[in-house]
C-alpha cells in the first residue's frame, strides 16, 4: 500500500509491518476455504480462546503460590498440557524442531530442549502464536526493550508476564523506558528464582509480518552482562500455511486473524535452534574496556550480540531491515487513522 510506503525498508524493499496477503487457491482450495474451513474454524476458535484464558489464569495462580520449586513443577505441567492443546486446536499438529548448523561442515551441538531456568534465550517475533509455543516449551520470563524513543535503548529490558507478552504481540503498545530495568537485573532475577526463567528476550521488541526481521536494540551491552549469563541460546520461529499466514503484525482484527488460522485444516511451525558451534565467540575480556564508546557502551559486546541475532537471517531464510519497534508505533497510528507520529518523539 502506497500510503504506508514510509515504513518500507529502503535497502531491502521489504515492508515488514503490513499484514501478509492470503495465498491464491484452486477449486479444491476454495471448497475448503469457504465451506469446510469456516465450520472447523468456529469450533476451534472458541476452544482456543477458552484454553488461552485458562493458560493465563493458571500461570498467574501458580506463580502467586509460595511453593518454591513445586510451583515451577505445576507451571510446567499446565503450560505443557494447555499450550500443546492450544497449538493443536490452531492446527499445529506437529512441531518441527531442529538444530541448525548453518552449513553442512559443522556438527550440531545443543538442542531446543537443553536449557536451564538461569539461561538467556533470544528469539525473533512475528505472531502471538510465538508466545503460546514458547510458553509451552520454556515457561519463561519474557522481556522486550523499550520502544518509546527513536533512539535504541542499550542494556535495558521490560519484563513481561504471559498476559503482558500476549498483549505486546497482539497490540504492540508503548513500552516506556521508565518501566525498564537493566538486563543484568533480569538475568540475576531468573538465576535466583525457582519459578521464573529462562529469560526469553525479543530484541526486536514487537512482531513483524514474518517477511523480514526488524532492527534490534542492544539489550546486552556490557561485559558484566555476559559474565552473568550461564548459557546463551538463539531460536528462530517461522510458519508454513496453505492460505492464511499465522504471522500477525498487530494490525487488523485479532479475532478474524485467529478465526482464519483456526479455519485451516493444518498449519506448520518450524523452530530452529542455532547450534552452539555457530554462536559468535565471546569478546576477549582484556579488550572489553578498550571499545567503550562515549555512552559507556561496550561496542564489542554489542557487536557480539548483533552477530548472533544476525544468524537468524540464514536460519529463517530472510533479511534484516532498519524498521524499529518505535517505527511500528507510528505505523499502527497511521493504520487506524490517528495523528500521533511516535517517530518524532524522543525521551
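Brief remarks on what is shown
- The fraction of all Cα pairs in the range 121-267 landing in successive 10 Å bins from 0 to the largest distance is 11, 42, 33, 12, 2, given as whole percents.
- FRET efficiency for the pair residue 65 and residue 5, taken as 1/(1 + (r/R0)^6) with r the Cβ-Cβ distance and R0 = 41 Å, rounds to 0.20.
- Label-zone membership for the range 75-109, site residue 240, 7 angstrom Cα→C-beta point, backbone N under 16 Å: 91-100
- In percent, rounded to a whole number, the relative contact order of the range 1-143 is 21, using alpha-carbon pairs under 8 Å and six or more apart.
- Cα→Cβ-extended label distance, 7 Å offset, between residue 84 and residue 54, nm: 1.5
- Rough spin-label spacing in nm, given labels placed 7 Å along Cα→Cβ, for residue 116 and residue 340: 4.2
- FRET efficiency, residue 319 to residue 96 (Cβ-Cβ, R0 22 Å, nearest 0.05): 0.50
- Note on the chain: with a GNM built from Cα contacts shorter than 10 Å, the maximum mean-square fluctuation among 152, 74, 214 falls on 74.
- Computed over the chain: relative contact order in percent, which uses C-alpha pairs under 8 Å that are six or more apart: 26
- Beta bridge orientation in the chain: antiparallel %, DSSP, nearest 5: 40
- Computed over the alpha-carbon atoms, the range 171-213 gives an Rg to Rh ratio of 1.05, Rh here being the Kirkwood radius from the mean inverse distance.
- Across q = 0.13 Å⁻¹, the chain modelled as identical point scatterers on its alpha-carbon atoms has Debye log10 I(q)/I(0) values of -1.05, in the order of the q list.
- Highest-fluctuation residue, 228, 326, 124 considered, GNM on the chain with Cα pairs under 10 Å: 228
- The range 64-141 - convex hull of the alpha-carbon atoms, volume per residue in Å³: 127
- Residue with peak Gaussian network fluctuation, the chain [Cα springs, cutoff 10 Å], from 97, 215, 107: 107
- Compared with the alpha-carbon gap, the fully stretched path from residue 25 to residue 179 is longer by 50.8 nm at 0.36 nm per residue.
- At R0 = 22 Å, FRET efficiency that the Cβ-Cβ distance of residue 76 and residue 230 yields, to 0.05: 0.70
Every number here is computed from the coordinates shown, using simple stated rules; none is lab data. Everything quoted here is computed from the prediction, not taken from an experiment. All Cβ positions, even for glycine, are placed from backbone atoms using ideal geometry, and neighbour counts span all protein chains on display.
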